[in-house]
1. Any chance you could count how many residues in region A:158-169 are more than 8 Å from chain B (Cβ to nearest Cβ) and surrounded by fewer than 19 Cβ atoms within 10 Å (Cβ to Cβ)?
2. Of these, B:L27, B:L83, B:L51, which one is touching a Pro at 6+ places or on another chain (Cβ under 8 Å) and touching a residue at least 12 places away in the same chain (Cβ under 8 Å)?
3. Can you go through B:V280, B:V264, B:V233, B:V252 and tell me which one is open to solvent by 10 Å² or more (accessible area, probe 1.4 Å) and at pLDDT 95 or above?
4. Quick one: in region A:17-53, of everything that is of a type in the set (D, E) and crowded, with 20+ Cβ neighbours inside 10 Å, which residue is farthest from B:D291 (Cα to Cα)?
5. Filter region A:107-157 down to the residues that are open to solvent by 40 Å² or more (accessible area, probe 1.4 Å) and of a type outside the set (G, A, S), then identify the one that is farthest from the other protein chains (Cβ to nearest Cβ).
6. Here is a list of conditions, (1) of a type outside the set (A, V, I, L, M, F, W, C); (2) touching a residue at least 40 places away in the same chain (Cβ under 8 Å); (3) assigned to a helix (DSSP H, G or I), and A:D129 meets all of them except one; can you say which number that is?
7. Just one of (1) of a type in the set (S, T, N, Q); (2) surrounded by 20 or more Cβ atoms within 10 Å (Cβ to Cβ); (3) at pLDDT 95 or above trips up A:T182, so point out which.
8. Mind checking which residues of region A:236-273 are open to solvent by less than 10 Å² (accessible area, probe 1.4 Å), among the small types (G, A, S) and modelled with pLDDT of 95 or more?
Amino acid sequence: MSRYAAMFESARAERSAPVIAWSVVGDPTPETWLDTVDALVSAGAAALELSIAFSDPSADGPVNQGAYSRVLGKVDKNHAVALIKQVRERYPDLPIGLMTYANLVYIPSPEAFYAACAAAGVDSVLVADVPVHEVEIFSDRAAAHDIEMVLIAPPNAQEPELKAIAEQSQGFVYLVSRAGVTGTDREAQSPLKSVIATLKKYGAPPTVLGFGISRAEHVRNAIAAGADGVVVGSAFAKLVAEHLDDPAALTAASTGLVTNLRSGAGIERAAPR
Amino acid sequence: MVSSHITGPYFGEYGGQFVPQILVEPLRQLEKCFVEAWSDETFRQEYLSLLKEYAGRPTSLTRVRNLTEGTRTRLYLKREDLLHGGAHKTNQVIGQALLTKRMGKSSIIVETGAGQHGVASAIAAALFGLRCRIYMGRIDTERQRPNVERMRLLGAEVIPVDSGSRTLKDACNEALRDWSGSYEDSHYVLGTAAGPHPFPTIVREFQRVIGDEARAQILEREGRLPDRVVACVGGGSNAIGVFTAFVPDESVELVAVEPGGLGVDTDKHGASIGKGEAGVFFGMRSKLLSDPDGQIFESHSISAGLDFPSVGPELSYLVDSGRVRCEAATDDEAVGAFVELTKGEGIIPALESSHALTFALKEIRAEPDREQVVVVNLSGRGDKDLATVTSYLRQRGEL
């Protein structure tokens, strides 16, 4: 069973939904980042969604761009992969995904990228600027290294796209419930029940809602609308920005964020009869 | 393939649609609108009549009188500098503004480097009653101040971009970010024949009027095709615009001149075809400049309009296939040609176009005895560059 499948199964057994924590590898420094990862996981983050800093993150809002610029030029790709490997060694069962941009995969070569991911123990890769009809650019290399390919389902996708996303996304489907880039300045909306229903109709893996998740209420709404989990991203990057000079305060705040979000993740409807 | 594209999204291995999934639907809507409009005689007539009555087409083909002295070359300039707005950009912006109206959208989003595309878009927005948001790198707003003032006077909102290298590529990112949240009522008027499909095709079709006219004009004047057509390349819209009509004419050599900056063997240039490799950026697979990790390079050129680390996919393809020859001209050479054309012919060219001119002159003067006909696309006028050129010449003690 894949690490994601195991994660969703154990969450169901606990009548909860997984809260996945996003961060830029090495933000704000490699040492502090490793400590915050520990804090996030101890507080109950069920998986990590990680980004390698990129010069031109066109799907990200200002808060996440800030995270990229803190790291860019300080932690290169090899260093980031080595850090991910350290996290994998510490947490053998934790699902670890990468969210990245196409040029980081393409250069020097997709083969080198997916081989490095596999060696570091990465479970999945989501490429933010590769929509479902362009996945062939990377899909054979991902498959060759047993890396799951996660796709995004936005609220404006038509049925043929949702069908393709349902059929091709592996591990989970990353739901986005509103237009725009990452960030909490536009709050999460409840995912469209019709989007989830269409994905399920075509046999999609579990769905996870991202973009604009910062409070327990967002998590509750997501789950009530049928999402199987959530990703918290820019709310965490904001904490990093607020505690740049105080790693201890950052780990405490990270713990607080995940604890708060998890309090919205209970699933009443899943109570056994 | 899920998307049923109406026109081909690829040129060889280049092109495609490398955007977040949320932008696939607005791109499909745009493609459908363009394909229907382009086969609609009423739309075409409206477009062509605006180019004629409003923008001033056809533009002249001017034979250079003094610069070619001592050679047997007849050199012609395709005068896009005379177009309303001061550059070729107006050709395609009028087309995209008409598409915006046809899609029922009320706002346009624009990225600009030198500010020529921004000015053209602000003009079209004023004409058609569209709201206009223009993203421009902070550095570009400083080096192209007159154009910023023009855009604001025309009623557009100019938003300086402080992320990344604060130049054109960052303005492109910001425009994409805006569009991913505003596509319901906003159209992104992408400024060059690059970016995700269908933009490279749409912009080429709206710009090919340059080459269609130039080809007919040179046949009328010379009774034959030119030996060579030369254009500068940033994103590539003036080059693809003047080349397209000549692509089937195998005897005509097509030369694309990239910004060599301080030299293509330094790290300060924008020669994305000559020095770049295939990668994925700004919604397309094309040639680009990036470091060994895949981080996009911060290009350099004295001309803001060429200061871009990638290039349209069709030009990448035409160079790979051998149809287009790719060369470069440095900042220094471009300023030289700027001064020469200004003093020698009484025409002040844009620094962008000066790259094409300097390279053409270099080859012409290297073969003074060759009898030949050369066309240079003078893509824009240089008023916007006066401050840049003046300070450059002062620094070198030449003014």
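1. Within region A:158-169, residues that are more than 8 Å from chain B (Cβ to nearest Cβ) and surrounded by fewer than 19 Cβ atoms within 10 Å (Cβ to Cβ) number 3.
2. Exactly one of B:L27, B:L83, B:L51 is touching a Pro at 6+ places or on another chain (Cβ under 8 Å) and touching a residue at least 12 places away in the same chain (Cβ under 8 Å), namely B:L27.
3. Numbers: B:V280 fails: open to solvent by 10 Å² or more (accessible area, probe 1.4 Å); B:V233 fails: open to solvent by 10 Å² or more (accessible area, probe 1.4 Å); B:V252 fails: open to solvent by 10 Å² or more (accessible area, probe 1.4 Å).
When all the criteria are applied, what remains is B:V264.
4. Looking at residues that are of a type in the set (D, E) and crowded, with 20+ Cβ neighbours inside 10 Å, I get A:E49.
5. A:D146
6. It fails just one condition, (3).
7. It is condition (3) that A:T182 fails.
8. A:A237, A:S254
The values are calculated or read from the model by the stated rules, or taken from the named source; none is laboratory data. Computed from a predicted model, the values in this text were never measured in an experiment. All Cβ positions, glycine included, derive from the backbone under ideal geometry; neighbour counts span all protein chains shown. All accessible areas refer to the heavy atoms of the entire protein, side chains included, with ligands and DNA or RNA removed. Shrake-Rupley method; radii C 1.70, N 1.55, O 1.52, S 1.80 Å.
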